[in-house]
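The values are calculated or read from the model by the stated rules, or taken from the named source; none is laboratory data. This one's a predicted model, so the numbers in the text were calculated from it and none came from an experiment. No Cβ is skipped: glycine too gets one built from the backbone with ideal geometry, and neighbour counts run over all protein chains shown. Heavy atoms of the whole protein, side chains included, go into the accessibility calculation; ligands, DNA and RNA do not. Shrake-Rupley method; radii C 1.70, N 1.55, O 1.52, S 1.80 Å.
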Amino acid sequence: FRAWARGGWPRPPTADDLAYHLTTLFPPVRPRGHLELRMIDAQPGDDGWLVPLAVTAALFDDPVAAETAYRAVKPLADTAGSLPAPGNPLWL
């Protein structure tokens with residue numbers, strides 16, 4: 001998108017183009033009524049998926065790990081407001 005905005009070809013991008021572009025950006029984990037773990041298949045090696053799977057399992061099965069992770073991200077999450085990404089202040 002940056003190259004398009006700088007080059008303006010085939011036309012300059014609009015605010016609608018940017019809004020659409022933001023919908024194509026995906027964080028590694030998205031809450032979608034379930035957890036979408038988008039990084040699992042991108043890990044190197046035949047067993048690269050093991051670490052993200054182990055971390056996910058620990059966060060769901062170990063209450064201490066889950067609480068620790070929650071406390072680590074809560075101050076940041078509190079800045080998001082009530083709007084979903086990509087329209088909330090945290091995302092912006």
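Details
- Selection from segment 44-81 of residues that are of a type in the set (D, E, K, R), over 22 Å from Leu92 (Cβ atoms) and outside any helix (DSSP H, G or I): Asp46, Asp47, Asp62
- The set of residues in segment 16-52 that are of a type in the set (Phe, Trp, Tyr) and within 11 Å of the chain's Cα centre (by Cα) contains only Phe26.
- Where Lys74 falls short, out of the listed (1) among the charged types (D, E, K, R); (2) surrounded by fewer than 12 Cβ atoms within 10 Å (Cβ to Cβ); (3) within 13 Å of the chain's Cα centre (by Cα): (3)
- For first residues located in segment 10-32 and aromatic (Phe, Trp, Tyr), partners that are part of a loop (DSSP other than H, G, I, E, B) and lie 6+ apart or on another chain with Cβ distances below 9 Å form the pairs Phe26/Arg38.
- Scanning segment 5-43 for residues that are in a helix (DSSP H, G or I), open to solvent by less than 70 Å² (accessible area, probe 1.4 Å) and over 18 Å from Asn88 (Cβ atoms) yields Ala5, Gly7, Asp17, Ile40.
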